[in-house]
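Dropping the structure in here first, questions after.
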Amino acid sequence: MNRKRKSGMERKMERQYFLIVLPGFVIFTIGLIIPTILAFRYSLTSWDGLSAEKPFVGFQNYVNLLHDSNFLQAWGFTILFTIGNTVIQNVCALLFAVALDSGIRLQKVYRTIFFIPCLISSVIVGFIWLKMYSNVLPEFNEIFGTNINFLLFGSSSTVLPGLLIANNWQWIGYWMLIYLAGLQSIPAELYEAAKVDGAGAFSRFKNITLPMLAPSITICVVGITTGSLKVYDLLVSSTGGGPGRASTSVILHTYNTAISGRQYGYGSAMSVSLVIVLLLVALIQVKSLRSREVQQ
Amino acid sequence: MKKKLLSLMLGTTMAASLLAGCGGTAAAPAAGNAAAETSAAEAEAPAAEEPVAEATAAAPDEAVTLTVLAGQSTTDAGIEDMIDAALAEKYPNITLEWECVGWDGEFHPKMQQYLQTGVPDIIIGKGQDVATYSSLGILNEIDSTYTDRVLDAANENVTFDGKIYGLVYNALYQGVYYNREMFKENGWDIPKTQEDLQAIIDDCNAKGITPFASHMVDTWSIGNVTMQFMMNDVFNKNPKWGDDFRAGKVSFSEDADAQTCYQYNKLIYDNTFPETFSLEQTDCDAKMVLGEAAMKVSGSWSIQNFLDIDENFDFGIFPFPNQTGDSKLIFEPNIAIMTSSSTEHQDAINCVLDVLTSDQDLAVEIYDYTKTAPMLKGVTPTYPNPSQQDIDKYAADGMVVDVNLGNNQLVWGGFQDENAADIAAWLQGDETFEDCLAASDARVDASSSSTN
Amino acid sequence: MKFKTKVKKPEEQITPKKYTGGTLATQIVMTVLAILFLLPIFMVFNYSFKTKKELYLTSALTLPSSLQFENYKKAFVKLDLSTTFTNTFVYTALSVLILAFLCGMTAWAIARCKGKFFKFSYIYFLVGILIPYQALFLPIYIIGYRLHLTNTRYGIIFMYVATGISFGVFLMTSFMSTVPTELEEAARIDGCSVFKTYFRVVLPLLKPAMATLIIMQSFQIWNDYLLASLYVSKKNLKTLTVVIQSLFSSQTSDYTTAMAAIVISVLPIAVLFLSLQKYFIKGMTVGAVKG
């Protein structure tokens, strides 16, 4: 009797929990999942995005993708951009955080300064750095009589570093704050105990700071990676994907193909491929980083 | 328990209605528009069956709101207010609801959206868009009452199957802008042939002057000048080159003339600012005005910049010399007004067309503001344009050609702009010339402007 | 400030950090870096006060001869600030509030229920973080149009919620493990329904995580360009970023005005966030540090 009532109660609870999840579930499905399914459906057609007919072509678009050198080049750029960002941004953000946490004066002022750029929309950041490289920084050559090449957006070999600088300028402060928060929540006793045990500064950093920061690291790494793979806004108002195609990201290329190039079906195949890659990358990252967190 | 569930639901509903209320403050007109759009889209079929209203430009008795999508260049932004003012004076019942987007990146995506759901009553694009959208059957023929007020030359390339689908309002001239003073000082004559041009370039280099101003950071500028070259070296010999290209008769890899056009880009690249791939148009134009470069292959959109920086800057224009020495100045129909075939307000649309084509003050105001050449008969703008005397000379000699001959055969989006990216990559040394040509050939399927 | 001292307290009691030579070196390095970070911002301000002629004829580093507010006046008009600012603010505020409420609820249910549906839901929501909605804009538009969401305020808010919900659920779920279940169980034994438990017991505990979520999503939505340009095209519904973008399209001849517009658009959110910095950092801690 008692048992039966309990299970009935549980079922009821389960139903209530279900009702709680439902609204979010529905909104999410309509807003994002159905469009994704639609995109997949379009990716099996040679639709131009304009006319009424959407001729079915099967997986032909995907086969073509593998031979499309421009598409592969876009992937090349996107991957380099992502790796560069993930490494530089994480390392810099962590170093900045450690430096600010080292007891220097005016910590709040620095924090504010480094943080301000991320309040600016990426579209604007791209425009700002376009002007920085072409107009402002070269002036320093005149002042100091140096001959540094600041025209980073102007050549295919330097456009990637140029964009990395712009992107890092925008986001380091943001991730720095997360690390800073993580650092400040580490109990000082741990360091004291390690000091007593005779651990050096580096070993304390490696054995206490890093493990204790593991949750922050997960958030930052996954956030930066997926964000970088989706880069688009930054390029629109800075390089526009150039010079040539040197800074064309996957999304930018998809956009150009589907919209300006009026190959909507083909472009959809590109976005579907990007979705799949993003899913895989993030799954792997979360899995491996989370398992490390558990170990600690 | 049930009571609680009920209260929660009530709470949710209240929250929802609250939200709706918040939106509602200004949503009233918006909701009205959405409804209007829907009904327009749904009414597509019956509207098409009705006889097209006679273009008498009879003012509507009731208030009518027309939706307008305007794909603008920066130089056009602002003309909507002028049109609104002129319209309010003559047809106060008609209101235009403007949606102004950049022609460069937003106009076509917006059109794609609307093609799925119903196009606005009036669409303002560029001359070359008429070919694309008329082939989809979404445009109405423009009544001859209005097209008769437009120069015949402008109507030519917006005519399909004998019907005119776009009202061309103004035009841009394209060619080589040159610093008149500098040409006088150095005793250079207007170059007619490649040899003439090369002589000037050599003299420039000897004197430490940069021959060409350019801003290759904007890939579109490479695409733009390449089409200028193509007009005078390819399309002048074979006006059906684009169609032949799709038929497989000619190709970039095999056509020496087409290759010469690509090579002209190299000529410019070798004789321009070293920072051209970092230099934006405004900065480039400033250098030109400050006398750092002698020439610039460009279009009328530079005039505004030139005169903004120095109102006394004296410049002229000549067509980029081709191999045969018979280059024509290029003219490009710019603002083109198209009308939806599924509209419910053809009368009101005609009223708008009437204002646009008959209001001389409005026309002068727009031409002065955009610094463009008029396409309406008998209208003369009053803005200073030092290059006008050159334009008049070429026009009088019949040495002017409409670039839409080329643009209609080789579409801009997906073909010309993509080729330009390859040319940039080639100039940067990231791609061989052969690969660059082959890439253009591989894009043959995307080269047609009509979708059928 | 309060928060900081609370964390630092035990440490400071044991050994307050000494200002050593190393600290001084760090201070110098960070000062140099801070100056470099401020350079682009200096440029924006500097340009925004220059006249067009000064822009071309003087060096980018020289200060304007006089403080020209002409550019600001022009930008103010061009941005149609009273409308666009209100729009952006309303969209952002409502979206983040709904998001916080919805995500808290969803994440809690997912964390507490072990049923298959809930496990599936978690993965299902997570997938959304990775879907680049930028690439899906045409289907997103078509769906929105069919549901009469385009060119309405609630439509754009709906989309912000739909695209932000994944991250919110992710953040909230990872926070959920820090919420003790004892209180919930006690409430349940007292006969509270799931809903009542949530509102009475759980919701107050989620406030810090919600703060983080609200802050993080506010950025995204305030600075969003793509969805806004997709869903609202009528002049009276446009947002700040969309209007500002049109100021620096490729043929812009007027980037002194664009720079002034940048200042105008960034200033409100900068002031807001800087004055709320305390809460902001508090919120970040919650997201980043478990337990």
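Here, each number is a calculation from the coordinates, and none is a lab measurement. In this text, all values refer to a predicted model and were calculated from it rather than measured experimentally. Cβ coordinates were reconstructed from backbone atoms using ideal geometry, including for glycine residues, and neighbour counts include every protein chain displayed.
Can you show me the helix-derived [θ] at 222 nm for chain C, built from DSSP H runs with n ≥ 4 at -39,500 (n - 2.57) apiece and divided by the number of residues, rounded to the nearest 500.
My calculation for chain C gives -24500 deg cm²/dmol from helical runs alone.
Too long at a 22 Å Cα-Cα cut-off: which of B:Lys266/B:Lys371; C:Lys73/C:Lys235; C:Lys207/C:Lys238?
Check vs 22 Å cut-off fails for B:Lys266/B:Lys371; C:Lys207/C:Lys238.
Set Lys and Arg Cβ to +1 and Asp and Glu Cβ to -1, take the dipole of chain B about its Cα centre, and tell me which of B:Val101, B:Trp241, B:Thr219 lies farthest positive.
B:Val101
Count the DSSP beta bridges whose two residues both fall in the protein assembly as shown, then state the antiparallel fraction as a percent rounded to the nearest 5.
60 percent
Label the range C:75-288 by shape, choosing from rounded, prolate and oblate, from the square roots a ≥ b ≥ c of the eigenvalues of the Cα gyration tensor; if a/c is under 1.5 it is rounded, and otherwise prolate applies when a/b is larger than b/c, oblate when it is not.
Since a/c reaches 1.5 and a/b is larger than b/c, the shape of the range C:75-288 is classed as prolate.
Rounded, prolate or oblate: which fits chain B when a ≥ b ≥ c are the square roots of the eigenvalues of the alpha-carbon gyration tensor, with rounded for a/c under 1.5 and prolate only if a/b beats b/c?
Because a/c hits 1.5 or more and a/b exceeds b/c, chain B counts as prolate.
Of B:Gly118, A:Ala214, A:Gly84, which is farthest along the charge dipole of the protein assembly as shown in the positive direction, counting Lys and Arg as +1 and Asp and Glu as -1 at C-beta?
The residue sitting farthest along the positive end of the dipole is A:Ala214.
What are the semi-axes of the equivalent ellipsoid of chain A, taken as the square roots of 5 times the eigenvalues of the Cα gyration tensor, listed largest first and rounded to whole Å?
38, 36, 16
Once every DSSP H run of n ≥ 4 in chain A is given -39500 (n - 2.57) and the sum is divided by its residues, what mean residue ellipticity at 222 nm do you get, rounded to the nearest 500 deg cm²/dmol?
Computed mean residue ellipticity for chain A: -22000 deg cm²/dmol.
Past 28 Å, Cα to Cα: identify those pairs from B:Lys192/B:Lys237; B:Lys110/B:Lys163; C:Lys74/C:Lys234; B:Lys296/C:Lys74, in the order given.
B:Lys296/C:Lys74
What does the extension gain come out to for B:Asp326 and B:Thr193, with contour length at 0.36 nm per residue minus their alpha carbon separation?
So the extension gain works out to 47.1 nm.
How far apart, in nm, are two points set 7 Å out from the Cα along the Cα-to-Cβ line at A:Thr112 and at A:Gln60?
In this crude label model, A:Thr112 to A:Gln60 measures out at 6.1 nm.
Label points 7 Å out from Cα along the Cβ direction at B:Asp392 and A:Lys12: separation in nm?
Simple spin-label model gives 9.3 nm for this pair.
If the only charges are +1 at each Lys and Arg Cβ and -1 at each Asp and Glu Cβ, what is the size of the charge dipole of the range A:60-295 around the Cα centre, to the nearest 20 debye?
Around 220 debye, computed over the range A:60-295.
For chain C, return all DSSP H helices satisfying: extent of Cα atoms along own axis at least 30 Å; mean Kyte-Doolittle hydropathy at least 0.5.
Sorted by number, the helices that extend far enough and score high enough are C:21-48, C:81-112, C:153-176.
Using +1 on the beta carbon of Lys and Arg, -1 on that of Asp and Glu, and nothing else charged, what's the dipole of chain C about the Cα centre, debye to 20?
Using Cβ point charges on Lys, Arg, Asp and Glu, chain C gives about 320 debye.
Sticking with this one: Let me know the number of lysine pairs in chain A closer than 27 Å at the Cα, not counting same-chain pairs under 8 apart.
6
As a check on your grasp of the helix formula, calculate [θ] at 222 nm for chain B: sum -39500 (n - 2.57) over DSSP H runs of n ≥ 4, divide by the residue count, round to the nearest 500.
Mean residue ellipticity at 222 nm (helix-derived): -14500 deg cm²/dmol.
Below 19 Å, Cα to Cα, which aspartates and glutamates can C:Lys119 reach? Residues fewer than 8 away in the same chain don't count.
A:Glu10, A:Glu14
To the nearest µm²/s, what D does Stokes-Einstein give for the protein assembly as shown at 10 °C and 1.306 mPa s, using the Kirkwood radius over alpha carbon pairs as Rh?
The estimated diffusion coefficient comes to 51 µm²/s.
How far is helix B:346-358 tilted off the main Cα axis of chain B, in degrees rounded to 10, range 0 to 90?
40 degrees
Report, in degrees rounded to the nearest 10, the 0 to 90 angle that the Cα long axis of helix B:79-90 makes with the longest principal axis of chain B.
50 degrees
Which of the aspartates and glutamates could be linked to C:Lys53 by a straight reach, that is with a Cα gap under 15 Å, when you skip same-chain ones fewer than 8 residues away?
Straight-distance partners of C:Lys53: B:Asp283, B:Asp285, B:Asp308, B:Asp310, B:Glu311, C:Glu70, C:Asp254.
Something else about it: How would you classify the range B:365-450 from its alpha-carbon gyration tensor, with a ≥ b ≥ c the square roots of the eigenvalues: rounded for a/c under 1.5, else prolate if a/b is greater than b/c, otherwise oblate?
prolate
Once you put a point 7 Å from the Cα of A:Val196 and another 7 Å from the Cα of C:Thr58, both along the Cβ direction, what distance in nm separates them?
6.4 nm
Would you pull out the residues with amide H under 5 Å of B:Leu329's amide H, same chain only if 5 or more places away, H placed 1.01 Å from N?
Counting only residues 5 or more places away or on other chains, the set is B:Val400, B:Val401.
While we're on this one: Assigning unit charges at the beta carbon (Lys, Arg +1; Asp, Glu -1) and nothing else, what dipole magnitude in debye, to the nearest 20, does the protein assembly as shown show about its Cα centre?
8600 debye
Around C:Arg153, under 13 Å between beta carbons, what's the net of Lys plus Arg minus Asp minus Glu among the other residues?
+2
Now a separate question. Along the Cα-to-Cβ line of C:Leu276, 7 Å from the Cα, sits a label point; which residues in the range C:217-243 have backbone N less than 15 Å from it?
C:217-223
Work through the residues other than B:Tyr264 whose Cβ is under 13 Å from its Cβ and net out their charges, Lys, Arg +1 and Asp, Glu -1.
Overall, the nearby charge balance is -2.
For the charge dipole of the range C:75-288, defined by +1 on Lys and Arg C-beta atoms and -1 on Asp and Glu C-beta atoms about the Cα centroid, which residue among C:Phe89, C:Pro268, C:Ala186 has the Cα displaced farthest towards the positive pole?
Value computed over the given set: C:Ala186.
Collect residues whose amide H, placed 1.01 Å from N in the peptide plane, falls under 5 Å from the amide H of A:Thr45; neighbours closer than 5 in sequence don't count.
A:Val57
Net charge within 15 Å of B:Ala247 by Cβ-Cβ distance, Lys/Arg positive one each and Asp/Glu negative one each, not counting B:Ala247 itself?
Around B:Ala247, the surrounding residues sum to -3.
Could you line up A:Val109, C:Val127 from fewest to most neighbouring Cβ atoms inside 10 Å?
The fewest-first ordering by Cβ neighbours comes to A:Val109, C:Val127.
Now for a separate question. Which of the trypsin sites (Lys or Arg not before Pro) across the range B:352-452 are loop residues per DSSP, with 14 or fewer other Cβ within 10 Å?
In loop regions of the range B:352-452 (DSSP not H, G, I, E or B), the sparsely surrounded trypsin sites (Lys or Arg not before Pro) are B:Lys377.
Relative to the longest principal Cα axis of chain B, at what angle does helix B:194-207 sit, 0 to 90 degrees, rounded to 10?
Rounded to the nearest ten degrees, it is 80.
Something else now. Can you give me the relative contact order of the range C:75-288 as a percent, contacts being Cα pairs under 8 Å and 6 or more apart?
Relative contact order of the range C:75-288: 34 percent.
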